[in-house]
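The values are calculated or read from the model by the stated rules, or taken from the named source; none is laboratory data. Note that the coordinates shown come from a computational prediction; the quantities given were computed from them, not determined experimentally. Backbone-built Cβ (ideal geometry, glycine too); neighbour counts: all protein chains shown. All accessible areas refer to the heavy atoms of the entire protein, side chains included, with ligands and DNA or RNA removed. Shrake-Rupley method; radii C 1.70, N 1.55, O 1.52, S 1.80 Å.
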Amino acid sequence: MAQSSKGKLNYRCPMCFFRDLDIDMFYDKDKKEYYCLRCQYVGSEEDVLAKNELIRIKYGRMMDRITDFD
């Protein structure tokens with residue numbers, strides 16, 4: 001989902017993103033944590049970034065053109 005307003009970047013939920021769902025997380029200022037309304041995932045900013053980085057392994061060769069199939 002594209003973010004239309006300028007401001008703090010929205011993060012994708014790592015659990016939903018792992019299942020190929022593009023769901024933005026919400027931020028709770030009181031608890032200083034991010035949460036997902038769809039799967040009830042809750043985590044700190046560092047935790048969300050670390051898990052999203054692990055999921056990027058799935059798309060590691062996305063920009064490479066593969067021509068040799070041997």
(message) For the stretch 14-57, what does the accessible surface come to per residue with a 1.4 Å probe? Please give it in Å².
(response) 73
(request) Please report, as a whole percent, how much of the solvent-accessible surface of the chain comes from carbon and sulfur atoms (probe radius 1.4 Å). (result) 54
(request) Go through the stretch 18-23 residue by residue and turn each phi into a ³J(HN,Hα) via Karplus (6.51, -1.76, 1.60, θ = phi - 60°); whole Hz please, and just put x for glycine and proline. (result) 5, 8, 6, 10, 9, 10
(message) P(r) for the stretch 14-57, please, calculated from all Cα pair distances in 5 Å bins and given in %.
(response) 5, 24, 33, 25, 9, 3, 0
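Give, as a single signed number, the net charge of other residues whose beta carbon lies under 14 Å from the beta carbon of Asp20, with Lys and Arg counted +1 and Asp and Glu -1. Provide the component values of the computation, followed by the final result.
Values: positive: Arg12, Arg19, Arg38, Arg56, Lys58; negative: Asp22.
Once positives and negatives cancel, what remains is +4.
All other residues with a Cβ under 15 Å from the Cβ of Lys58 taken together, and with Lys, Arg as +1 and Asp, Glu as -1, what is their net charge?
On the way: positive: Arg12, Arg19, Lys51, Arg56, Arg61; negative: Asp20, Asp22, Glu53, Asp64.
Surrounding charge for Lys58 is +1.
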